Each structure stands twice: as C-alpha cells, then as structure tokens.
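Student: Pasting in a structure now, in structure tokens, and then I'll have a few things to ask.
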Amino acid sequence: MITEADNGTFQPSAAQAHPAASAAAASFAALLGKLDYLAPTDIESIRQAYRFADEAHLGQLRKNGDPYITHPIAVAAQCAEWKLDAQALMAALMHDAIEDCGVTKEDLVERFGAPVAELVDGLTKLEKLEFDTREQNQAESFRKMLLAMAKDVRVILIKLADRTHNMRTMGDMPRSKWQRISSETLEIYAPIAHRLGLNFTYRELQDLAFRFLHPWRYEVLAKALNKSRNRRRDLITRVQREVEADFVRHGMSVRIMGREKTLYSVYRKMDSKHLSFSQVTDIYGFRIIVPELTDCYTGLGVLHQLYKPLPGKFRDYVAIPKINGYQSLHTTLIGPFGTNIEFQLRTHAMDVVAESGVAAHWLYKASEPNSDTSQRLGTQWLQSLLDIQQETRDAAEFWDHIKIDLFPDAVYVFTPKSKIMALPRGATVMDFAYAIHSDVGNHTVSARINGEQRPLRTELTNGDVVEIVTADKAEPNPAWLSFVKTGRARSKIRHHLKTVAQEKSHDLGERMLGQALRSEGIATLPPEEGPYQATWEKLLRFTGNKSRAELLSDIGMGKRIANMVGKKLAVLLAETGLKPDALLISTERYASGEDESVSQGVVTLDGSEGVSVQYAPCCRPIPGDRIVGYLGRGEGLVVHAEDCPTGKRLRLRDGERFLEVEWADEPVRSFDTTVIVTVTNGKGVLARVASSIAAAEADITHVDMGDEPAQTATDIRFSVAVRDRQHLADVLRSLKRTTSVLKAQRYKP
C-alpha cells in the first residue's frame with residue numbers, strides 16, 4: 001500500500017522498500033559510468049553526496065512509483081553529459097534536500113563545504129518563490145535565476161537539467177498541471193537554454209512542451225514526419241553517399257551526420273507561414289564536421305559544385321557568430337528531384353559550442369585543460385547581466401531590462417573601425433552607444449549612420465556603420481528611456497539619473513541637518529573623521545544607515561526627519577563634552593515665536609536645488625510668497641504657499657514633517673505661476689495678449705483655452721515664468737492695459 005505525504009511525495013510500504021532501493025542503486029551505477037573524466041577523489045565526494053541525498057529522501061516516491069532519489073540522479077546524469085565539475089554534480093544530487101527533507105544549509109556547509117551548499121541554496125530559492133500574480137512570479141523567478149547565473153552559471157545549468165527531467169516524466173503528472181508547466185518551459189526555460197547556447201536542451205524542451213501543450217497536434221505531426229522519413233529514406237541515403245564521395249575525391253576528411261527538424265520547429269513554421277506539412281521543404285538536412293576553420297569555406301565550395309545553391313539561403317555565422325556564441329555556415333541546396341536540403345558546416349570545436357553553449361566551458365576543460373577557448377565562452381553576456389543586477393534591485397524592472405536581450409534575434413552593426421557589434425533587433429543609436437561604454441552613452445550628443453547625421457532614436461539595421469559624437473558636459477536625458485531597447489542602456493540611464501538625484505538630495509540634507517543642529521545649540525555639523533568618528537558611527541547605528549552620505553541623502557529625500565536626527569546627534573555630541581550654546585538655542589528656536597514642529601532652523605531656497613526640492617504644482621509659489629516646506633516621504637522637500645489648501649490639509653495630518661523655509665535674497669532662476677486672463681473673443685486677441693506678456697519680459701510656458709466652444713468672453717489660462725511677485729505684478733498691469741482684456745489675475749487654488 002502507498003500513502004501520500006503532506007509534501008506531495010509518496011511513502012511506500014515495507015514490502016516495497018527493498019526493490020526501490022535496488023532501482024535507485026542501479027540508476028546511480030549508471031551515473032558512475034559517466035564520470036570517467038573526474039578524479040577518483042571527486043567521484044568519492046559524489047558518492048558521499050548520493051548517500052546523503054538517498055538517506056534524506058528515504059521513503060519518498062515519485063508519481064510513477066519510482067524512488068524519489070532517481071530524479072536527482074537523472075539530473076546529475078544530465079550535468080555529467082555536460083562534463084560539469086564534482087561540486088555541480090553533488091549539488092544536483094542534493095538539489096531538493098533543503099526543500100523536501102528538512103536539511104539546512106548549515107548541514108550542507110559542514111558536510112560538503114560552502115561552494116556546494118551555495119549551489120543547493122541557490123536552487124532551493126528558485127523553487128520557493130510565491131507571488132500574488134503570475135507576472136510577478138515570472139519576473140521574480142527569472143530575476144533570481146539570472147542573478148544566480150551571473151554569479152555562478154552552474155545553478156542555471158542544474159536547474160535546466162532538473163526541468164528537462166521533469167518534462168521527460170510529465171506524463172506521470174496530473175493533466176491539470178501540463179498547461180502551466182509546459183507554457184513556463186516554452187516561455188522561460190527554453191529561451192534561457194537557447195541564450196546560453198544549449199541547443200540540444202533547447203530543442204528537447206521545445207518538443208516536450210509542445211507535446212504536452214498540444215498532444216493531438218503533436219501526434220498528427222509525428223505520424224506525418226514518420227511517413228515522410230520512410231518515403232525519403234532513399235533520397236537521403238543517395239545524397240549522403242554522393243556528398244561523402246565528393247569530399248573523398250577532393251581529399252577532405254569530414255564527418256557527415258543527418259539532421260532532422262524538430263516537431264516544434266516544423267509546427268511553428270507551418271503556423272507562422274500558414275503552410276501545410278507537405279509545403280515545409282527543409283525538414284531534412286546534413287551537418288558536416290570539418291577539421292579546421294578554413295575547411296568550412298572549402299567544403300562550401302565542394303557542396304556548391306555538387307548541387308546548385310538556393311539564392312538568398314546562405315548564412316555565414318562563422319565570420320559573424322550569433323549572440324550566444326553559435327558558429328556555423330548554413331546553405332540550402334537543390335538536391336536530386338528538386339528537393340531543398342540544408343547543409344551546416346562547422347569544426348568540431350564549433351559543434352561543441354553549438355550543442356552545449358556555456359557548458360562547453362567544462363567540456364573543453366575536460367578534454368583540453370590548457371585551452372583558453374573555454375574561458376571566453378558565454379562570459380560577455382553573463383557579465384552584462386551582472387552589470388544590470390548591480391544597478392537594479394526591483395524584480396519587475398530587472399525583467400523589463402533583460403527580457404528583450406534574452407531572445408536571439410539580433411542586428412549586426414559596425415563601429416567606424418569596422419568592429420562588429422551584435423545588438424537585439426530594434427536597438428537604437430543610444431543602445432549602440434551604451435554597448436560601447438557607459439561613458440560614451442552618458443556623453444552622447446549626436447550620431448552619424450553611414451556618414452549621415454541621424455536622430456538618437458533611430459533604429460539600427462544590419463550592416464550600418466555607426467559613429468557616436470560625444471561632449472564632456474553632456475548628460476543622459478530621461479527621454480531616452482522611452483526608446484532604448486537594451487537592458488544595459490536602460491539601467492545605465494536610470495542609474496545616472498538616480499545618482500544625480502542622490503547628489504542633490506545629499507546637499508539639501510546636509511543643509512537641513514546643519515540647521516536642525518543649530519536649533520539644538522550647536523553651530524556647525526561636526527566632521528566625519530577625527531575625534532567625532534565614533535559619534536557618527538553611533539548615529540548611523542541609530543538611524544540604520546550605512547554611511548554619512550546615505551543618511552544625508554535620506555534627509556534630503558524626506559526618508560528621515562532632520563530635527564529628530566539633529567536631536568540625537570546633539571545628545572551624542574554632549575556625551576563627548578560638546579555642550580550646546582544657550583544663546584544660539586534661544587535665537588534659532590524661539591526668536592521667531594514658531595512652535596517646535598518647525599523649529600529646525602530655516603532652509604533658504606534660491607531655485608538651484610534641482611530634483612531634491614519640488615515647488616508644489618497645486619499653488620505654484622514664487623519668490624515673495626510666504627511659504628512652508630513639507631518633507632514628503634521619499635519625495636524630498638515639497639514647497640507650498642502658506643495659504644495653499646493642500647498644504648494646510650497636509651499640516652493638519654502630518655504636522656511634524658513641516659519645516660520653515662524662506663526665499664534667498666536673489667533667486668537664480670524664474671518660477672512658473674498661473675495667470676487667468678478673461679478676454680472678449682475676436683480676431684488677433686491671443687497674439688495681443690502674448691505680446692503683452694512678452695513686453696513685461698515674462699516667458700509663456702503653457703497655454704490652456706479649455707475644451708468649451710469660444711464664448712463672447714473667454715478665460716485663457718497661461719503658465720508664465722516670472723522672477724518674483726513684483727515681476728508678476730508688472731505682467732498683470734501690462735495685461736490689463738491690453739485691448740480686449742476684461743480681467744487678469746493670478747490663479748489661486
């Protein structure tokens with residue numbers, strides 16, 4: 001009798017335990033047969049990991065009745081096919097131990113060392129993710145996978161092996177799970193396998209997902225392909241015989257293998273191009289493995305002399321590899337009876353990379369320990385992921401950054417020095433600039449494509465020669481985010497914009513904390529180094545910040561309240577012997593008669609504060625208005641007019657976040673305010689009003705005439721930039737003297 005446990009596994013009866021153990025032992029023996037590339041000490045470590053995992057999963061069965069341990073063994077066997085190292089195989093054997101068996105990471109560190117424990121822990125985290133929506137789930141899962149991949153690619157390889165075995169045994173799962181798991185495999189895991197160059201795994205995952213997503217279509221196509229294979233056996237044999245004979249005649253030693261399209265690729269071609277099965281002509285092909293790179297092109301010449309090439313069907317992925325490292329020559333020839341047959345020519349090294357991708361690193365390491373080829377494989381893309389994740393912590397944003405980069409459709413362009421660069425299709429000039437270097441992207445001002453000046457949002461096409469023009473003082477424009485396509489460009493732009501905001505917030509926070517400290521009787525902010533270093537360390541422990549700079553930025557952004565931090569700093573400074581000045585307390589805190597909610601000192605504003613200070617759009621204060629400052633949570637300082645209704649409501653609800661602010665004697669820029677002008681409708685009225693505003697030396701930044709049809713008397717709303725209240729009064733006087741203007745007044749909420 002078999003009973004189901006709480007975790008979904010099955011517990012066998014005592015009578016079944018012995019046969020189950022025999023089956024598991026047989027599976028492990030088969031795995032050991034694949035480990036001849038490892039040292040005896042490594043094989044012994046794997047044996048110990050197997051014993052540990054076998055004991056941990058003791059009594060658990062899979063849905064088909066096999067002992068659960070057969071699944072980790074199968075995952076490890078797939079990893080052995082890729083020639084992964086002993087640590088990866090040990091992690092593969094124990095990848096479910098933490099989740100299903102109550103084993104802790106500390107147990108694994110103690111038994112097998114930190115590297116193996118980290119791999120198992122990374123795999124466990126991928127399994128435990130649960131979110132409210134499917135989109136969140138995909139974004140977070142994908143992010144975790146790729147972060148693990150960028151840190152240690154073995155995690156994703158083990159995960160792909162795990163998914164492959166689960167798909168192979170999907171028939172034992174309830175049909176209700178087929179749709180979800182197969183869709184996830186097709187949308188997430190298969191593209192990752194392709195992006196890493198694991199083409200064999202990529203094709204297998206696609207076919208297995210297709211089989212369980214569309215069982216009837218799969219069966220119909222499988223039968224049609226089998227019939228076609230039988231019909232064309234003679235043709236394929238003849239072509240192979242003729243090709244082999246021709247290469248022998250030219251004195252070339254090659255290996256020729258038949259190749260057949262996967263069912264899913266046949267189905268996708270039929271579906272996308274609306275073809276019947278009989279209209280898909282390139283189901284069969286040949287792969288020719290040659291000794292050296294130059295033999296690829298020599299072999300191409302041999303083939304083109306034997307059969308005529310089909311125009312437009314030649315692809316050179318040797319000179320210009322695909323973005324995942326794939327290299328091969330592709331050509332389609334017209335064979336006997338007018339049948340189209342595709343040939344692929346590549347070296348043995350290219351074949352290893354084509355089938356195993358990133359895993360080729362270990363394959364080469366096993367067969368050619370001194371080769372540096374393995375060190376180059378896959379590193380560029382993985383490094384770009386690492387760059388992105390260091391600047392992004394939000395899961396959905398990270399998914400947004402890289403989901404386009406994941407898929408292999410690429411465009412190839414040239415630098416002015418003829419270096420080839422691969423970018424995702426749809427990439428723009430700015431994507432190219434950031435692909436060269438982040439400094440080039442940050443300082444881009446213009447670009448030339450094929451010698452002609454073009455906009456920065458121009459999409460690139462194959463063969464474009466792109467030249468970037470930079471300027472030292474140029475900075476990223478937030479508008480670039482609306483058209484860049486690559487994750488690298490988007491993350492670099494956002495990172496720069498956030499850095500600028502933090503610098504502005506740091507300066508404001510320093511001023512606010514200094515003024516808060518003055519109201520506690522201490523004239524200046526103490527330096528971070530020297531005798532006050534321990535004081536700052538205590539303050540940072542109190543606030544939870546990592547550094548003084550981070551604390552000041554948080555104050556500037558409204559995440560910390562300056563007067564509270566100031567009070568704590570004053571207490572800490574008193575402990576060092578620095579006593580507050582009673583006279584300074586009196587003048588700073590009470591001379592103005594303000595209550596304690598605004599007793600942080602006065603913040604002076606001149607318009608140069610940047611993104612850390614916002615002037616409220618509800619009341620649009622200008623110099624000369626009485627103003628108050630609201631320290632919004634994470635928004636920085638928001639300045640309201642003192643009589644603004646929105647500001648008054650905020651003060652009633654959140655009074656402790658308000659502080660006193662005042663205008664500088666000479667603001668450095670103009671400020672927007674709103675003026676409502678009532679006019680009698682007629683020809684040329686708008687022009688006359690605009691001329692009056694210009695005559696008063698004010699700039700119009702926006703005009704709103706409303707959606708209603710023009711009446712005899714119409715209100716026109718202008719946003720104008722003025723220096724102060726006196727300048728605004730000049731503008732209103734100029735308007736009131738204008739013909740057709742009935743009334744002109746400043747808009748107040």
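The values are calculated or read from the model by the stated rules, or taken from the named source; none is laboratory data. If you're wondering where the values come from, they're calculated on a predicted model, not measured in any experiment. Don't worry about glycine lacking a Cβ; one is built from the backbone with ideal geometry, like all the others, and counts go over all protein chains shown.
Student: Would you say T169 is outside the structural domain of K269 (by TED's automatic domain parsing), buried (at least 22 other Cβ atoms within 10 Å of the Cβ), modelled with pLDDT of 85 or more and not basic (K, R)?
Tutor: The answer is no for T169.
Student: What are the pairs with Cβ atoms under 8 angstrom where one residue, in region 411-433, is under 17 Å from G487 (Cβ atoms) and the other, located anywhere, is of a type in the set (D, E) and assigned to a strand (DSSP E or B)? Sequence gap at least six, or different chains.
Tutor: Final answer for the pair search is G426/E459; A427/E459; T428/E459.
Student: Which of the numbered conditions does L423 fail, given that it passes all the others? Conditions: (1) modelled with pLDDT under 80; (2) of a type in the set (A, V, I, L, M, F, W, C); (3) under 18 Å from the mean Cα position of the chain (by Cα); (4) outside any helix (DSSP H, G or I).
Tutor: Single failed check for L423: (1).
Student: Got a sec? Which of L300, L306 is at negative phi and in contact (Cβ under 8 Å) with a residue 60 or more places away in the chain? It would help to see each step written out before you state the result.
Tutor: Numbers: L300 fails: in contact (Cβ under 8 Å) with a residue 60 or more places away in the chain.
Exactly one residue qualifies, and that residue is L306.
Student: Among the residues of region 509-535, what is the count of those that are aliphatic (A, V, I, L, M) and in contact with a Ser or Thr (Cβ under 9 Å, 6 or more places away or on another chain)?
Tutor: Adding up the residues that qualify gives 3.
Student: Can you name every residue in region 197-214 that is of a type outside the set (K, R) and within 21 Å of A74 (Cα to Cα)?
Tutor: L198, N199, F200, T201, Y202, E204, L205, Q206, D207, L208, A209, F212, listed by residue number.
Student: Considering region 656-700 alone, what residues qualify as being among the basic types (K, R) and within 50 Å of the chain's Cα centre (by Cα)? I'd like the intermediate steps shown before the answer.
Tutor: We begin by selecting, within region 656-700, every residue among the basic types (K, R); these are 657, 669, 683, 688.
Listed by number, the residues that qualify are R657, R669.
Student: For S176, state whether it is of a type in the set (S, T, N, Q), loosely packed, with under 15 Cβ neighbours inside 10 Å and more than 30 Å from Q279 (Cβ to Cβ).
Tutor: Against the criterion (of a type in the set (S, T, N, Q), loosely packed, with under 15 Cβ neighbours inside 10 Å and more than 30 Å from Q279 (Cβ to Cβ)), S176 qualifies.
Student: Quick one: Q515 ticks every box in (1) exposed (fewer than 13 other Cβ atoms within 10 Å of the Cβ); (2) of a type in the set (S, T, N, Q); (3) in a helix (DSSP H, G or I) bar one, so which box is it?
Tutor: Single failed check for Q515: (1).
Student: Moving on. Under the condition of being within 20 Å of H95 (Cα to Cα) and either acidic (D, E) or not assigned by TED's automatic domain parsing to the domain that holds D85 (or both), which residue from region 6-62 is modelled with the lowest pLDDT?
Tutor: Among those that are within 20 Å of H95 (Cα to Cα) and either acidic (D, E) or not assigned by TED's automatic domain parsing to the domain that holds D85 (or both), it is D6.
Student: So, one more: Of the residues that sit in region 518-564 and are among the β-branched types (V, I, T), closer than 26 Å to Y630 by Cα and more than 32 Å from the chain's Cα centre (by Cα), which one is surrounded by the fewest Cβ atoms within 10 Å (Cβ to Cβ)?
Tutor: Top of the filtered list is T524.
Student: Hey, does region 297-311 have a residue that's among the hydrophobic types (A, V, I, L, M, F, W, C) and assigned to a strand (DSSP E or B)?
Tutor: yes
Student: Please work out if T673 is closer than 30 Å to T604 by Cα and out of contact with any Gly (no Cβ under 7 Å at 6 or more places or on another chain).
Tutor: yes
Student: Pairs under 8 Å by beta carbon, first residue outside the structural domain of P478 (by TED's automatic domain parsing) and part of a loop (DSSP other than H, G, I, E, B) in region 445-466, partner exposed (fewer than 15 other Cβ atoms within 10 Å of the Cβ) and modelled with pLDDT of 90 or more, six or more apart or different chains?
Tutor: Final answer for the pair search is none.
Student: State the number of residues belonging to region 724-740 that are modelled with pLDDT of 90 or more, touching a strand residue (DSSP E or B) at 6+ places or on another chain (Cβ under 7 Å) and not in a helix (DSSP H, G or I).
Tutor: Residues that pass the stated criteria total 1.
Student: Looking at (1) touching a helix residue (DSSP H, G or I) at 6+ places or on another chain (Cβ under 7 Å); (2) free of Cβ contacts under 8 Å to residues at least 60 places away in the same chain, which one does E529 not meet, given that it meets all the others?
Tutor: (1)
Student: Based on what the data block shows, is L569 assigned to a helix (DSSP H, G or I), under 21 Å from L605 (Cα atoms) and in contact (Cβ under 8 Å) with a residue 24 or more places away in the chain?
Tutor: On the way: assigned to a helix (DSSP H, G or I): yes; under 21 Å from L605 (Cα atoms): no; in contact (Cβ under 8 Å) with a residue 24 or more places away in the chain: yes.
So L569 fails the test.
Student: Going residue by residue through region 427-439, is there one that turns out to be modelled with pLDDT under 85 and surrounded by 15 or more Cβ atoms within 10 Å (Cβ to Cβ)?
Tutor: Within region 427-439, not a single residue is modelled with pLDDT under 85 and surrounded by 15 or more Cβ atoms within 10 Å (Cβ to Cβ).
Student: Within region 220-255, how many residues turn out to be touching a residue at least 24 places away in the same chain (Cβ under 8 Å) and either part of a helix (DSSP H, G or I) or touching a helix residue (DSSP H, G or I) at 6+ places or on another chain (Cβ under 6 Å) (or both)? Talk me through it step by step, then tell me what you get.
Tutor: First, the residues of region 220-255 that are touching a residue at least 24 places away in the same chain (Cβ under 8 Å): 221-222, 224-225, 228-229, 232, 235-236, 238-240, 242-243, 246-247, 250, 252-255.
Now narrow it down to the ones that are either part of a helix (DSSP H, G or I) or touching a helix residue (DSSP H, G or I) at 6+ places or on another chain (Cβ under 6 Å) (or both): 221-222, 224-225, 228-229, 235-236, 238-240, 242-243, 246-247, 250, 254.
Qualifying residue count, region 220-255: 17.
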